[in-house]
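All of the numbers you see were taken from the coordinates with simple rules; none came from a lab. Small disclaimer: the values here were computed from a predicted structure and weren't measured. Glycine gets a Cβ as well: all are built from the backbone with ideal geometry, and neighbour counts include every protein chain shown.
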């Protein structure tokens, strides 16, 4: 494989897929940490402090991984995709700059106070620092999703020579898909963090069934997931309707609708056949797609034939969407049952602990599947209707890209294994062990100041 375009896409796909694992966890985990910190301040229960210390270490580790991988990813805009910055850099550059100025600096500044300042600042200042870190993670998501949404549904831009510039920044930021995409991603982060908290707590309880603090955090995780998972289903439906309006080719690929027709069935499973433009071994619900997408069983839906060659590859988008939805449905079932099974402090049965442990990183799997739908579903456009992916790729040779892709893959595999070893070690040791080895500046003497 020596196609520079394909290799450049594969390399950037690897980078963004690895990077997104960490922000998708830290965005919501920061708010959960704030809840632990406030709970300790209000109740004086030392258990909340121990819990806070454990999850602060997990947050710091994950945050560091996100920063490192994010820096690497940003360099690829210039090395692999110079056409992107040359054509739309006047829009992308400021949005990325706003993310650094308003979000990253906020996180980086107050993260030090949050991690090392418990016995150096008053309680209100330490709680405030934790809140500002949480706000910073959300602001970061705001600006990144504003740029990504603009690439999906561009608005507010005008052509200045060969370069696109912002004619209306409000229209650029609050483009048609931004509210849906931002809300969907924030809830996805909440579910990711909730299942990580519940799953790692379950992992601890499998080895130490009497750990009361792990039972407490397991309960927090399943309750958050039980609330957010059905909300995500509703938000996802609205997001899908918005995508149908602005990116009909993506929806046609998601549903494997090859031909424009009325009364389109909902394909539950099939093997899309790009050669014959049919769905092999299809399991369908008659009129289902028309009913869901247009709320009319006989409504006409635009098929892929209406877009000529300007539509995404069907198979990866089709399967990724079903993986995402399948995980979402399973999240609802597991979180609701877990919330019921652990009501009034009841211990979770061992089989349920294993189930929750198995679902620890289900949020990551769903997020990656969703991003495959989002990014591959936009092809062949890098900026929908404005800039084609092939027009933005650099002049790096296939051999150079292949070598660097291999290097990235090996490096990221090593980092991921190291991250998982540390993460499971921290979770397996429990909150008591984390409190016994506090971060510098987070000593028991500082805790007494509360």
Which whole-number percent of Cα pairs in the stretch 12-164 have a distance greater than 18 Å? 62
Most fluctuating residue given options 295, 184, 239, as computed from a GNM of the chain linking Cα atoms under 10 Å: 295
Based on the alpha carbons, how large is the Rg to Rh ratio for the stretch 372-427 when Rh follows Kirkwood? 1.19
Could you work out how far the C-alpha centroid of the stretch 193-270 sits from that of the stretch 283-333, in angstrom? 16
Modelled label reach - residue 234, point 7 Å along Cα→Cβ, the stretch 158-188 residues with backbone N closer than 19 Å: 179-188
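For the chain, report the % of Cα-Cα distances exceeding 30 Å. Mind dumping the intermediate values first?
Details: 49432 of 101025 pairs.
Of the Cα pairs, 49 percent sit more than 30 Å apart.
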Acute angle (nearest 10 degrees) that the helix 314-341 long axis makes with the longest principal axis of the chain, alpha-carbon atoms: 30
Can you give the extra length, in nm with one decimal, that the chain gains between residue 424 and residue 410 once fully stretched, where that is 0.36 nm per residue apart less the Cα-Cα distance? 2.9 nm
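Using mean Cβ contacts within 10 Å as the protection proxy, how do 209-221, 88-100 order, highest first? Please list the in-between numbers first.
Details: 209-221: 19.5, 88-100: 17.7.
Ranking the peptides 209-221, 88-100 by packing returns 209-221, 88-100.
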Full-stretch length increase - residue 280, residue 260 - with 0.36 nm per residue and alpha-carbon distance subtracted: 5.4 nm
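Any idea what the relative contact order of the stretch 58-157 is, in percent, if you count C-alpha pairs under 8 Å spaced at least 6 apart? Please report the intermediate quantities before stating the final value.
On the way: 56 pairs, mean separation 28.9, N = 100.
Across the stretch 58-157, relative contact order equals 29 percent.
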Most fluctuating of 20, 285, 271 in the GNM of the chain (C-alpha, under 10 Å) is 285
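Using the C-alpha atoms of the stretch 320-364, what convex hull volume per residue, in cubic angstrom, is computed? Provide the component values of the computation, followed by the final result.
Numbers: hull volume 2.8 nm³, N = 45.
In the stretch 320-364, the Cα hull volume divided by residue count equals 63 Å³.
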Roughly how many nanometres apart are two label points built 7 Å out from the Cα toward the Cβ at residue 269 and residue 45? 4.4
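Relative contact order for the chain using alpha-carbon pairs under 8 Å, separation at least 6, rounded to a whole percent? Intermediate results must be reported in sequence, preceding the final value.
Values: 691 pairs, mean separation 105.7, N = 450.
Reported relative contact order: 23 percent.
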Measuring from centroid to centroid over Cα atoms, what is the spacing of the stretch 368-391 and the stretch 78-117 in Å? 21
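Restricting to DSSP H runs of at least four residues, report the calculated mean residue ellipticity at 222 nm for the chain, -39500 (n - 2.57) per run over all residues, nearest 500 deg cm²/dmol. Intermediate results must be reported in sequence, preceding the final value.
On the way: 17 runs with 317 residues, N = 450.
Helices in the chain give a 222 nm mean residue ellipticity of -24000 deg cm²/dmol.
Using the Kirkwood radius over Cα pairs, work out the Stokes-Einstein diffusion coefficient for the stretch 1-64 at 37 °C and 0.692 mPa s, in µm²/s as a whole number.
Details: Rh = 13.9 Å.
Reported coefficient: 235 µm²/s.
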Which residue, 59, 307, 110, tops the fluctuation ranking in a GNM of the chain built on C-alpha contacts under 10 Å? 307
May I ask you to derive the FRET efficiency for residue 116 and residue 354 from their Cβ-Cβ distance with R0 = 41 Å, giving the value to the nearest 0.05? 0.65
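Determine the relative contact order of the stretch 126-188: mean sequence separation of Cα pairs under 8 Å and six or more apart, normalised by residue count, in whole percent. Provide the component values of the computation, followed by the final result.
Values: 54 pairs, mean separation 21.6, N = 63.
Relative contact order for the stretch 126-188 comes out at 34 percent.
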Any chance you could run the full-extension gain for residue 296 through residue 332? It's 0.36 nm times the residue separation minus the Cα-Cα distance, nm to one decimal. 10.3 nm
Assuming R0 = 51 Å, what is the FRET efficiency of residue 165 and residue 344, from their Cβ-Cβ distance, to the nearest 0.05? 0.30
